[in-house]
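To keep things clear, I will list the structure first and then write my remarks on it.
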Amino acid sequence: MRIFAFRFLVPLMRSLVSIVSLLAVCAATSSQEKKAEPKKEPPPKVLYSIPLVVKPGQKQKLALRGRHLASVKDVKVVGADGAKVRVIGAKAVGVPNNYPADRVGDSEVEIELELPNDAKPGAVKLIAAGASDSNEYRLLVRDNLPTAAEKEDNGAFGSAQLIALPVAVEGTIKGERDVDVFKFVGKKGQKVRIEVQAARFGSPLDGFLTVCDANRNILDTVDDADGSADPVVTLTLPGDGAYYVSLIDAHDLGGPNFGYRLIVKPD
Ligand SMILES: [Ca+2]
Ligand SMILES: [Ca+2]
């Protein structure tokens, strides 16, 4: 009985092996056919906005810079009911050779955006839609701090831009080795917090802060803070008088797309 069964089992097993082999060959062929199909374009990725800071309640033009944005047809706003957005155009943009495309982007979509007056900072996101949707890019929306625009030429102690606390300066490290210096007057014992908002909102700027007293002695320098490339300095002022805050890119890079928001306020 056992031998009889064995005689039948061996050819049956052989047939099964052949069928399995045939199926494997078919599967391999079909996967090769799939590989031969034209490659899908990678999804668009929004890295940052130029300008970096968006004003609620005003119609403004923004260039969204990133990867694979040249064929974007539509931009959606999330987290701001009643926002109006219109796509003006999309294109590839040149990137200097020594700049990482992953950080500065190689394409952009230009939009006209009007956020409602009550748009909440931190809540507004943009999605660029091409063949597929991009990431949700978190916009840097103005809060209720007084705002000042950075004014060149502010590249030295002697030409520092005077600011009054509290303030949020909207500026740009406009080119390689650009230095932006700000001056404020403080009181002995006053606690001050100085914070850069840039990399957390995708700006290619890797901010580096230096704080000096009136005699230009360095009180503190900070490159990165809290796991991001954005520096934060907190200090108790050692005396009455003038203080200087200078901001540079940690790698001496720069350009019109290296936007930042510098907050200087009592802590
Ligand atoms: Ca500047
Ligand atoms: Ca940094």
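The values are calculated or read from the model by the stated rules, or taken from the named source; none is laboratory data. The model shown is predicted, which means the values in this text are computed figures rather than measured ones. Neighbour counts run over all protein chains shown; Cβ positions are idealised from the backbone, glycine included.
From (1) within 22 Å of the chain's Cα centre (by Cα); (2) touching a residue at least 40 places away in the same chain (Cβ under 8 Å), pick out the condition that doesn't hold for ASP230. The single condition ASP230 does not satisfy is (2). Applying the set (1) at pLDDT 95 or above; (2) on the phi > 0 side of the Ramachandran plot; (3) under 18 Å from the mean Cα position of the chain (by Cα) to GLY122 leaves exactly one unmet item: (1).
Filter region 49-103 down to the residues that are β-branched (Val, Ile, Thr) and outside any strand (DSSP E or B), then identify the one that is farthest from GLU114 (Cα to Cα). Of everything passing the filter in region 49-103, VAL95 is farthest from GLU114 (Cα to Cα).
Within region 149-171, none of the residues are under 30 Å from PRO43 (Cα atoms) and within 16 Å of ligand 2 (Cβ to nearest atom). Scanning region 73-100 for residues that are more than 23 Å from PHE258 (Cα to Cα) and hydrophobic (A, V, I, L, M, F, W, C) returns VAL77, VAL78, ALA80, ALA83, VAL85. Only residues that are within 16 Å of ligand 1 (Cβ to nearest atom) and of a type in the set (Gly, Ala, Ser) were counted in region 224-267, giving 5. Condition check: away from ligand 2 (no atom under 16 Å from the Cβ), more than 25 Å from GLN60 (Cβ to Cβ) and among the aromatic types (Phe, Trp, Tyr). Does PHE184 satisfy that? When the stated conditions are applied, PHE184 passes them. The set of residues in region 167-223 that are within 15 Å of ligand 1 (Cβ to nearest atom), surrounded by fewer than 20 Cβ atoms within 10 Å (Cβ to Cβ) and more than 23 Å from ALA242 (Cα to Cα) comprises LYS174, GLY175, GLU176, ARG177.
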